[in-house]
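The structure under discussion appears below in the form of structure tokens.
The values are calculated or read from the model by the stated rules, or taken from the named source; none is laboratory data. Keep in mind that this is a model prediction, so the values were computed, not measured. Ideal geometry is used to build each Cβ from the backbone, glycine not excepted, and the neighbour counts take in all protein chains shown. Surface accessibility is based on the protein's heavy atoms, side chains included, excluding ligands, DNA and RNA. Shrake-Rupley method; radii C 1.70, N 1.55, O 1.52, S 1.80 Å.
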Amino acid sequence: MADFPEPLHDSDLAVETAKPKLKRPPLYRVLLLNDDYTTMEFVIEVLTQIFNHSEEKATQIMLHVHQKGVGVCGIFTREIAETKVEQVAQYARSEKHPLQCTMEPDSE
């Protein structure tokens, strides 16, 4: 004889649903590349308007890009990173600047 009584109906069964294992989406770095023609003021404008950085943080990033040749503007999911890269490209083109923006998988 079993320790537990048999269920009378199917609705008497207690079923525990498995919780799905959620994984964080991969992140991507959005990078600005230095060039000899885009003004520092325009780079700061891009960083404040598109990436929502403060004036102070935008200046720090701009100086890093100017000195090192490349700098991280932000880290985002793939779709948001792609959108930011496209926004920078369109804005730079409309203002006649050759500013380049790329993205790469975040290694951290």
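General remarks:
- Criterion violated by GLU108 - all others in (1) modelled with pLDDT of 95 or more; (2) out of contact with any helix residue (DSSP H, G or I) (no Cβ under 9 Å at 6 or more places or on another chain) satisfied: (1)
- Selection of region 88-108 for residues being open to solvent by 70 Å² or more (accessible area, probe 1.4 Å) and either touching a Phe, Trp or Tyr at 6+ places or on another chain (Cβ under 9 Å) or charged (D, E, K, R) (or both) yields ARG93, GLU95, LYS96, GLU104, PRO105, GLU108.
- Pick from region 57-87, criterion outside any helix (DSSP H, G or I) and over 17 Å from ASN34 (Cβ atoms), ranking: least open to solvent (accessible area, probe 1.4 Å): GLY74
- For region 36-56, residues that are surrounded by 15 or more Cβ atoms within 10 Å (Cβ to Cβ) and either touching a Ser or Thr at 6+ places or on another chain (Cβ under 7 Å) or not hydroxyl-bearing (Ser, Thr, Tyr) (or both) total 9.
- Any pair with Cβ under 9 angstrom, 6 or more apart, that starts in region 57-81 at a residue that is more than 13 Å from CYS101 (Cβ to Cβ) and ends at one that is part of a helix (DSSP H, G or I) and among the hydroxyl-bearing types (Ser, Thr, Tyr): LYS57/THR48; ALA58/THR48
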